[in-house]
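J.: Just dropping this structure here.
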Amino acid sequence: MDGLFEKYTGITIKGAEDNVAEIFSQFYAIDQHAKLWLRTLLQSSQLKDDTKSIALRLEGNKYYAEKNFRKAFRCYTKALCFARNDLGFITANRSALFYMTGHYEDCLSDIAFAFKHDLPDHIKLKLLIRRIKCLAILHLDVKNAVDEAVDFTSTREDKVKEEILKASLSKGSTEPKPAAKVPSLKDAEINCNFLSASSAVSLRYDEIRGRHVVANKRLKPGDILFVEKPFVFAPVFNDDKELSLTRCYNCLKLIYSSIPCQTCVVCVFCNEECRESSWQEFHQWECCGMRADLWYHLGIGFPAVRALFKGLPHGLRALSSSYEDTAKFGDPFDNYPYFDKLISNLSKMDNILPLIVTACVIVLYLEDYTGYLKGMSKQTEFVCSLGGRLVKHMAQLQCNSSLICTKLNTDKFFASEDSSLACGIYPSVSMMNHSCKSNITIE
């Protein structure tokens with residue numbers, strides 16, 4: 001975006017929440033730089049490419065033979081992202097990698113995905129036997145897997161059946177990994193008037209401090225005050241403009257046996273349910289831009305547009321109550337109005353032009369390259385109001401968002417050096433994240 005912003009050198013725009021839609025409308029009507037920049041960027045889109053996928057798979061095979069499992073994993077997963085027709089072969093190869101490194105549950109997931117694609121019989125047989133070994137090592141029932149393998153090999157020689165029997169007797173000390181425990185508030189601790197908050201705290205307002213959180217009782221170190229899922233989040237890109245290959249794009253779960261987006265070459269998911277959920281909620285509108293690194297360039301505009309996607313199905317509702325009203329905060333079914341009420345500090349900014357330009361690019365993208373604004377004229381009041389909301393939401397995110405982090409992944413074979421996963425917004429937690437002498441931590 002730096003090259004685009006340079007087109008506006010020397011221009012300063014000031015504004016506030018009550019006039020930002022009007023400012024956006026005036027800018028959007030005459031600007032041509034953003035349209036040209038967007039068109040040029042999207043011409044460089046990366047598409048699915050079987051030639052590139054095959055090259056990556058073969059490179060992964062080379063690293064696998066050298067026992068460089070980390071590089072082999074990366075090549076196989078990138079090969080999946082680029083593949084149109086080779087997904088079964090790639091996941092079959094990656095399942096062998098998982099078996100060799102002791103990631104038996106991931107191996108089983110890859111085998112299941114591979115079987116959804118056409119494979120030659122000799123590959124199927126390898127996968128059937130590998131599945132039996134993994135189940136046996138994990139102390140899971142192997143009967144159905146053995147029966148399926150025996151049926152598949154009914155006309156084959158006895159030594160194949162002996163191999164199946166041997167696989168069923170595989171031993172190991174590995175047990176399936178228990179699900180991670182997520183903190184929760186007990187029913188008696190839930191605050192009915194403050195979404196995701198403990199009854200130990202309340203939301204208050206005064207003219208000096210604005211909205212703030214107070215304790216209703218003496219708190220002890222380690223007390224859980226909030227358990228809140230982000231209203232929206234957007235995954236963080238690395239310096240190579242890539243997203244993590246070990247985190248589900250939809251739920252951020254740590255995953256090695258990922259499956260790719262069916263359209264772009266960037267996003268991976270933990271399963272088909274997550275992929276479909278993401279597509280329906282956000283990704284069908286993001287995917288075209290993802291192919292050309294648009295969301296990498298737009299930065300805080302990425303979670304801002306997701307906030308719009310989240311709020312629009314409910315009509316972008318606004319609260320009728322005043323900012324000072326703290327009797328109730330949060331709605332588990334539609335929390336957009338409470339996100340929309342967060343402080344933006346737009347009136348205090350020296351220059352909101354970068355936000356205006358970013359919003360302009362997003363609206364142009366949605367209008368010209370997706371069906372999101374299908375049938376709407378560029379100059380309609382509604383489209384310009386969306387641009388104004390985008391500007392406001394970016395400002396709100398700058399003031400209120402949190403970086404979603406995790407402990408460093410220390411897996412022996414697939415360790416990651418990057419602990420930053422996403423930028424998220426937690427409306428309730430945002431009520432207490434501005435203290436200069438903070439005495440809370442976000443886990």
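J.: For the range 357-397, enumerate the residues that are surrounded by fewer than 16 Cβ atoms within 10 Å (Cβ to Cβ) and either more than 23 Å from the chain's Cα centre (by Cα) or within 24 Å of Glu6 (Cα to Cα) (or both).
T.: Once the filter is applied, which keeps residues that are surrounded by fewer than 16 Cβ atoms within 10 Å (Cβ to Cβ) and either more than 23 Å from the chain's Cα centre (by Cα) or within 24 Å of Glu6 (Cα to Cα) (or both), the range 357-397 yields Asp368, Lys374, Gly375, Met376, Ser377, Lys378, Gln379, Thr380, Glu381, Phe382.
J.: While we're on this one: Within the range 28-73, which residues are under 30 Å from Glu6 (Cβ atoms), in contact (Cβ under 8 Å) with a residue 60 or more places away in the chain, assigned to a helix (DSSP H, G or I) and among the charged types (D, E, K, R)?
T.: Across the range 28-73, the qualifying residue is only Lys35.
J.: Quick one: count up the residues across the range 195-213 that are in a loop (DSSP other than H, G, I, E, B) and in contact with a helix residue (DSSP H, G or I) (Cβ under 6 Å, 6 or more places away or on another chain).
T.: The number of residues fulfilling the criteria is 1.
J.: Checking Phe282 against (1) among the aromatic types (Phe, Trp, Tyr); (2) within 14 Å of the chain's Cα centre (by Cα); (3) open to solvent by 40 Å² or more (accessible area, probe 1.4 Å): exactly one of these is not met. Which one?
T.: (3)
J.: When both residues are 6+ apart or on different chains and their Cβ atoms are under 8 Å apart, which pairs have a first residue that lies in the range 275-302 and is of a type in the set (Ser, Thr, Tyr), and a second that is open to solvent by 50 Å² or more (accessible area, probe 1.4 Å) and not in a helix (DSSP H, G or I)?
T.: That search, which allows pairs on different chains as well, returns Tyr296/Lys241.
J.: What is the residue count in the range 237-255 for residues that are among the acidic types (Asp, Glu) and closer than 18 Å to Lys71 by Cα?
T.: Final tally of qualifying residues: 2.
Per-residue answers, yes or no, for (1) within 30 Å of Leu203 (Cβ to Cβ); (2) surrounded by fewer than 19 Cβ atoms within 10 Å (Cβ to Cβ); (3) of a type outside the set (S, T, N, Q); (4) touching a Pro at 6+ places or on another chain (Cβ under 9 Å):
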{"residue": "Arg275", "(1), (2), (3), (4)": "no, no, yes, yes"}
{"residue": "Cys288", "(1), (2), (3), (4)": "no, yes, yes, no"}
{"residue": "Tyr296", "(1), (2), (3), (4)": "no, no, yes, no"}
{"residue": "Ala318", "(1), (2), (3), (4)": "yes, yes, yes, yes"}
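J.: Val266: surrounded by fewer than 20 Cβ atoms within 10 Å (Cβ to Cβ) and either touching a residue at least 24 places away in the same chain (Cβ under 8 Å) or among the aliphatic types (A, V, I, L, M) (or both), yes or no?
T.: no
J.: Moving on to the next point. Could you tell me which of the residues Phe152, Phe98, Phe115 is surrounded by 15 or more Cβ atoms within 10 Å (Cβ to Cβ), at pLDDT below 90, under 26 Å from Leu80 (Cβ atoms) and not small (Gly, Ala, Ser)?
T.: After ruling out the rest, the residue left standing is Phe152.
The values are calculated or read from the model by the stated rules, or taken from the named source; none is laboratory data. Treat the numbers as computed from the prediction; the structure is a model and nothing was measured. So basically every Cβ, Gly included, is an ideal-geometry build from the backbone, and we count neighbours across all protein chains shown. All accessible areas refer to the heavy atoms of the entire protein, side chains included, with ligands and DNA or RNA removed. Shrake-Rupley method; radii C 1.70, N 1.55, O 1.52, S 1.80 Å.
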